[in-house]
Structure formats: C-alpha cells, structure tokens
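The values are calculated or read from the model by the stated rules, or taken from the named source; none is laboratory data. Owing to the predicted nature of the structure, the values given are computational and were not obtained by experimental measurement. Because the Cβ atoms are built from the backbone with ideal geometry, glycine has one as well, and the counts that use them run over all protein chains shown. All accessible areas refer to the heavy atoms of the entire protein, side chains included, with ligands and DNA or RNA removed. Shrake-Rupley method; radii C 1.70, N 1.55, O 1.52, S 1.80 Å.
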Amino acid sequence: MTLTIPGFDHIRLPGADGVELAAVVGGSGSPVVQLHGFPQTHLMWRHVAERLADGHTVICPDLRGYGASDKPAATDPDVYAKRTMAGDVVSLAAALGHERFALVGHDRGALVAFRAGLDHPETITHLGILDIVPTLDMWNVLHGVSAAVGYHLFLMAQPPGLPEAMIANSSDAFFGSFLDTWANDPTAMPEDVRAEYLRASAAAVTSIVADYRASAGIDVMHDQADLDAGSQLAMPVTVVQQDWGAQLGYDAAGVWKVWAPDLDHRLTRAGHFMAEEAPEEIAEAIQDLLAR
C-alpha cells in the first residue's frame, strides 16, 4: 500500500495540457499548496502538513513526472519546463476553487514554486522556498571541485539515453545515496518512508531525468529572460536553506534579494530534508510567512 499523509483525502485533477496530478488535501482555512522535492513525493510534507491543517486547507500534490501523477513523455522541452509544472499547480488549485493561494516548495518543488511566483503573481499570495537558489543562479554558483556536490545535475543534463540507462540499472543505489547523504538526521526518514521514495523514484526514472534536463536548458532561458527584464517576486518570500553560501562561496541571501525584495532569509541546522528533520521549525517559518 502506498504511504500517504494520514487523514488527508486523495484526489486526481487536471494540471496543464491534460496531465493529471495526484494530490492529498486536508484541513480547512486559507489554502497552502506544498510541493515536494527529489527523490521524494508529497509524503515528505506529512509532519508539516498535519501542523498547518489546523488553520489552513493544505494541498500536497505529486509533481508531474513523480509519485502517482502522470508522467508524460518529454516530446519537447516544454513538457518538464518549470513554467509548465507551475501551470499544473495553478490549474490544480483552481479546480479546487482556489484562485489565490500560498505556495511552498522544497528542492525541485521549490524551483516550480519560484517559477509560479514569477509567472502568476496575481495568484501566489506568499512564497516559501526550501533549500535552493533559482536555476540560473544554481549553475552560476557551482564551480571547481565544490560542484561535485551537484554531480547528479550534470549527469541528468546529458542528452536522452545514457543517464536514464545508468540510473535505471542501479536506481536504489542512485536515489538511496541522496536520501542517505543529504540528511543530517537519518532517523527522520523511517525505513517504510525511505522504501516508498525508492519505489516511486524507480518507477519514474525517465520523467525525473527529463525534469532535471529541463533545468539545464529551457528553465535557464526562462530565468535569464526574467533577470534581463528585471522581473521580481511581488509577494512576501521566505527562504530556508542550509548554509550553502559558506560551503560554495557565495552570498545566498544576496542572490535571493535580487529576485525577492520582500525577503525573509533563514539558515537551518537541519539537513536537506528539513521538512522531515525539523518539521516544527519549517511549520513555524511557514506560519510566519503567512502572517506577513
């Protein structure tokens, strides 16, 4: 049986271009959509979602290409562009009756959330970002031997064929390596949860690679066009991340300030999987964001 968030209802609704997203919905009140990261599903929000559901309608979808959502073939670069995936989220929320909502994303989901904030400023009321910098900046801060921490970004940026074959032939070892090395507290991810992430990821190798490949191409183009145009995030933004600036030699808060004038930038002692390792801290950060 697929693991999910206890007490939440399961739904399937259309995103963009007829692609259906699987999601869970719980709670009542102003809407908050939460987008998961790699190599995970909506399940990563289980602790935070339960904390927020007391005062909010919490919506946790699986991104297109992940979990139980549709996994369309990447017939052109737009299929897994973060612009398209942001359109999925806006369509899903609208189908539930929410024309405006707060949006929080982690890792890959944070890249989708960032793009949604730029493309749909009239829809996204508040934006929460966990442990990324925007795609364009991500490539700019990875250099020299320190870039080894992001080796998977370079692997999955390669043309179709080889990355998919390599990962599919050792999917548990590949995806499991991130679950093991990116967590400061391994006990925050119990064996049944870890197994669910590995199962879901093994079933989505091609679409996961397509998602990453888009971030080495069309997503960079979209970010660069917005940077050149001086586009910024119009809503309150909270960024919570590990101290990547110190590790990789850049000013993380300064990078985000270019994009987000109304910025609350926070560092955490938790590892990458902070919503599972430090759910109280992350829920508090989101509540603080929603109060702005």
Using alpha carbon centers only, segment 172-191 is separated from segment 249-281 by a whole-angstrom value of 21 Å
Nearest-10 value in Å² for the accessible area of W139, using the 1.4 Å probe:
60 Å²
Kindly state, as a whole number, the per residue volume in cubic angstrom of the convex hull around the alpha carbon atoms of segment 115-220.
142 Å³
Looks like the chain, by Cα gyration tensor root eigenvalues a ≥ b ≥ c and the a/c under 1.5 rounded cutoff (else prolate when a/b is bigger than b/c, oblate otherwise), is rounded
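Please compute the contact order of the chain in relative form: average sequence separation of alpha-carbon pairs under 8 Å and at least six residues apart, divided by the residue count, as a percent.
Values: 533 pairs, mean separation 60.9, N = 292.
Over the chain, the number comes to 21 percent.
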Rg (Å, one decimal) plus Dmax (Å, integer) for the alpha carbons of segment 1-56?
11.8, 33
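Where does each of K71, K257 land when they are ordered by accessible area, with a 1.4 Å probe and the largest first?
On the way: K71 80, K257 105 Å².
Largest accessible area first, the residues go K257, K71.
Can you classify segment 180-285 as rounded, prolate or oblate using the Cα gyration tensor, where a ≥ b ≥ c are the square roots of its eigenvalues, rounded means a/c under 1.5, and otherwise it's prolate if a/b beats b/c and oblate if not? Numbers along the way, then the final one.
Numbers: a/c = 2.22, a/b = 1.28, b/c = 1.74.
Oblate, since a/c reaches 1.5 and b/c is not below a/b.
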Helix-derived [θ] at 222 nm for the chain: sum -39500 (n - 2.57) over DSSP H runs of at least 4, divide by residue count, nearest 500?
-12000 deg cm²/dmol
Once you have a ≥ b ≥ c as the square roots of the Cα gyration tensor eigenvalues for segment 139-197, tell me rounded if a/c is under 1.5, and otherwise prolate or oblate according to whether a/b is larger than b/c.
oblate
In whole Hz, what ³J(HN,Hα) sequence does segment 119-129 give by Karplus (6.51, -1.76, 1.60; θ = phi - 60°), x for Gly and Pro?
7, 10, x, 7, 9, 8, 7, 9, 10, x, 10
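Got a number for carbon plus sulfur as a percent of segment 139-292's accessible area, 1.4 Å probe?
Details: 4030 of 6960 Å².
C and S atoms contribute 58 percent here.
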For the ranges 241-253, 43-55, what's the packing order if you count other beta-carbon atoms within 10 Å of each residue, average per peptide, and put the highest first?
43-55, 241-253
At q = 0.18, 0.20 Å⁻¹, the log10 of I(q)/I(0) for segment 18-86 from a Debye sum over equal Cα scatterers comes to -0.69, -0.80
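Solvent-accessible area per residue for the chain at a 1.4 Å probe radius, Å²?
Values: 11250 Å² over 292 residues.
Averaged over the residues of the chain, the accessible area is 39 Å².
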Residue by residue through segment 28-40, the couplings from Karplus 6.51 cos²θ - 1.76 cosθ + 1.60 with θ = phi - 60°, in Hz, x for Gly and Pro, are 8, x, 4, x, 10, 9, 10, 10, 7, x, 9, x, 10
What does the charge count near G37 come to, summing +1 for each Lys or Arg and -1 for each Asp or Glu among other residues with Cβ under 10 Å from its Cβ?
-1
Quick one: dipole size for the chain, taken about the Cα centre, charges +1 on Lys/Arg Cβ and -1 on Asp/Glu Cβ, in debye to the nearest 20.
200 debye
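When the dipole is taken about the Cα centre of segment 1-81, and only Lys, Arg (+1) and Asp, Glu (-1) are charged at their Cβ, what size is it in debye, to the nearest 20? Can you show the working numbers first?
Numbers: 5 positive and 9 negative charges, 49 e Å.
For this selection, approximately 240 debye.
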Interchain or sequence-distant (5+) residues whose placed amide H lies within less than 5 Å of the amide H of H56 are S28
Residue by residue through segment 5-14, what is 3J(HN,Hα) from phi via Karplus (6.51 cos²θ - 1.76 cosθ + 1.60, θ = phi - 60°)? Round to whole Hz and write x for glycine and proline.
8, x, x, 9, 8, 8, 9, 9, 9, x
